[in-house]
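So the structure is just underneath, and the comments pick up after that.
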Amino acid sequence: MDGGQIVIAGVGGLGCAWAASAHRRCPTTRLLAVDADDRSLRIGAEGHVLRLGHAMEAEGCAALPALAEQRMRRLDAMARPVLEGAELVVLLAGLGGGAGSGAAAELARQARRAGAIVIAVVSLPFANEQPHRTGIANQALVGLEANADVTVRVSLERLAHQARERGEDWAMGSEWIEDLVDGLVHSLLKMSLMNLDLMDLRAILANGGAATLLVGSGSSDDVEGLIRQAASAPLSDVDVSGATGCYIHLEGGPDLSIAQMGAISEAFTRTLNQDAKVILGARVSEAMYGRVRVILLLSGLTSSD
Ligand SMILES: Nc1nc2c(ncn2[C@@H]2O[C@H](COP(=O)(O)OP(=O)(O)OP(=O)(O)O)[C@@H](O)[C@H]2O)c(=O)[nH]1
Ligand SMILES: [Mg+2]
């Protein structure tokens with residue numbers, strides 16, 4: 001697969017900011033920004049832009065998801081060429097406002113119809129926000145889960161907390177999201193030692209149930225640290241222990257031995273359902289000397305609330 005077959009799409013203010021920063025790490029992919037707010041659409045000449053509404057309408061979709069959804073539907077013909085030939089669409093949005101909550105599921109629907117696997121990574125509002133935002137977000141989740149292959153629910157609270165710990169602005173604290181998108185894109189882009197491809201991804205997704213993604217990186221000697229790091233993902237209340245399908249991709253340096261790979265994947269899959277279908281892939285890159293990065297796609301989850 002080449003980068004042109006992967007689309008990183010942001011919807012709404014937060015989604016577009018995340019997409020632009022993730023795309024900087026994967027510049028060969030296609031970037032798409034969808035919003036009613038012009039500030040989100042200044043993404044450089046190579047990016048594709050879909051504006052929810054006319055330039056003359058200054059009001060955007062402020063907290064009106066139904067309006068955003070309707071406008072996204074009207075953009076169908078303009079979205080087609082951007083989605084054409086895409087194998088994977090990574091869709092990013094912050095739920096709780098108008099644009100992201102309203103347009104994300106409709107964009108997912110259009111992307112799947114174009115033949116792409118759709119992985120949505122969306123944040124849920126802070127717990128202390130008005131119940132109104134939480135209500136909007138929950139409704140948007142229903143639509144996304146019906147239209148995307150995978151919906152990864154990110155807790156904005158935990159993401160913001162981790163950003164503060166690093167001394168970053170909460171909204172820009174998207175490092176975890178960037179790592180996730182980067183890991184996913186690069187595990188699919190480059191030739192692997194054990195070749196994983198989209199067929200494997202589709203096989204794991206065909207398993208049914210809810211699905212989520214985890215990433216972890218660290219020293220190849222410290223399996224426990226790697227697991228702790230993956231488990232600290234700012235996901236919103238998801239129990240991964242019952243997963244019945246797992247796509248696990250390791251990327252390590254030339255020093256990573258088959259035995260170490262085995263130990264790492266064993267440690268990650270130990271907690272899964274006994275009959276879980278596990279697909280393992282690995283890749284060696286010079287830059288990863290002494291380190292390893294793991295990306296897991298877990299499917300067949302039963303409880304996601
Ligand atoms: N606390 C806080 N949360 C924010 C802020 N901006 C965004 N968020 C969170 O991110 C979610 C999505 O925000 P945006 O991406 O700006 O919303 P949008 O999709 O552009 O929606 P509209 O602007 O209403 O059309 C919100 O529901 C909040 O949970 C902020 O300034 N403060
Ligand atoms: Mg906005």
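Say whether the condition of being over 28 Å from Gly183 (Cβ atoms), at pLDDT below 90 and within 11 Å of ligand 1 (Cβ to nearest atom) is met by at least one residue in segment 40-59. Yes, some residue in segment 40-59 is over 28 Å from Gly183 (Cβ atoms), at pLDDT below 90 and within 11 Å of ligand 1 (Cβ to nearest atom).
Of the residues that make up segment 130-150, is at least one in the same structural domain as Leu41 (by TED's automatic domain parsing), surrounded by fewer than 23 Cβ atoms within 10 Å (Cβ to Cβ) and of a type in the set (Ser, Thr, Tyr)? Yes: one or more hits.
Would it be correct to say that Ala120 is at pLDDT 90 or above, within 16 Å of ligand 2 (Cβ to nearest atom), among the aliphatic types (A, V, I, L, M) and crowded, with 24+ Cβ neighbours inside 10 Å? Show your work before the answer.
Numbers: at pLDDT 90 or above: yes; within 16 Å of ligand 2 (Cβ to nearest atom): no; among the aliphatic types (A, V, I, L, M): yes; crowded, with 24+ Cβ neighbours inside 10 Å: yes.
When the stated conditions are applied, Ala120 does not pass them.
Conditions tested, residue by residue: (1) aromatic (Phe, Trp, Tyr); (2) free of Cβ contacts under 8 Å to residues at least 12 places away in the same chain; (3) closer than 20 Å to Ala20 by Cα.
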| site | (1), (2), (3) |
| --- | --- |
| Leu88 | no, no, yes |
| Glu106 | no, no, no |
| Arg113 | no, yes, no |
| Val121 | no, no, yes |
| Leu124 | no, no, yes |
| Ala127 | no, no, no |
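Condition first: within 16 Å of ligand 2 (Cβ to nearest atom) and touching a Leu at 6+ places or on another chain (Cβ under 6 Å). Now tell me which residues in segment 12-23 satisfy that. Can you show your working first?
Taking segment 12-23 first, the residues within 16 Å of ligand 2 (Cβ to nearest atom) are 12-20.
Those that are within 16 Å of ligand 2 (Cβ to nearest atom) and touching a Leu at 6+ places or on another chain (Cβ under 6 Å): Gly15, Trp18, Ala19.
Where strands (runs of 3 or more DSSP E) sit wholly within segment 227-305, those with at least 1 residues that are free of Cβ contacts under 8 Å to residues at least 60 places away in the same chain and surrounded by 21 or more Cβ atoms within 10 Å (Cβ to Cβ) occupy 245-252. Look at (1) away from ligand 2 (no atom under 16 Å from the Cβ); (2) closer than 19 Å to Asn147 by Cβ and you find that Cys26 fails only one, number (2).
Condition check: in contact (Cβ under 8 Å) with a residue 12 or more places away in the chain, within 15 Å of ligand 2 (Cβ to nearest atom) and closer than 29 Å to Leu189 by Cβ. Does Asp35 satisfy that?
yes
All of (1) modelled with pLDDT of 90 or more; (2) surrounded by fewer than 17 Cβ atoms within 10 Å (Cβ to Cβ); (3) more than 18 Å from the chain's Cα centre (by Cα) hold for Gly167 with one exception: (1).
Residue count for segment 205-216, restricted to those that are touching a residue at least 24 places away in the same chain (Cβ under 8 Å) and either over 16 Å from Glu266 (Cα atoms) or not in a strand (DSSP E or B) (or both): 8.
When you look at Glu224, is it crowded, with 20+ Cβ neighbours inside 10 Å and outside any loop (DSSP other than H, G, I, E, B), yes or no? Taking the combined requirement at face value, the residue does not satisfy it. Listed by first and then second residue, the pairs linking a residue in segment 1-30 that is closer than 22 Å to Pro65 by Cβ to a residue that is among the aromatic types (Phe, Trp, Tyr) and within 16 Å of ligand 2 (Cβ to nearest atom), with Cβ atoms under 7 Å apart and 6 or more places separating them unless they lie on different chains, are Gly10/Trp18. Selection over segment 7-24 of residues that are within 8 Å of ligand 1 (Cβ to nearest atom) and in contact with a helix residue (DSSP H, G or I) (Cβ under 6 Å, 6 or more places away or on another chain) gives a count of 5.
The values are calculated or read from the model by the stated rules, or taken from the named source; none is laboratory data. Given the structure is predicted, the values throughout are model-derived calculations rather than measurements. Backbone-built Cβ (ideal geometry, glycine too); neighbour counts: all protein chains shown.
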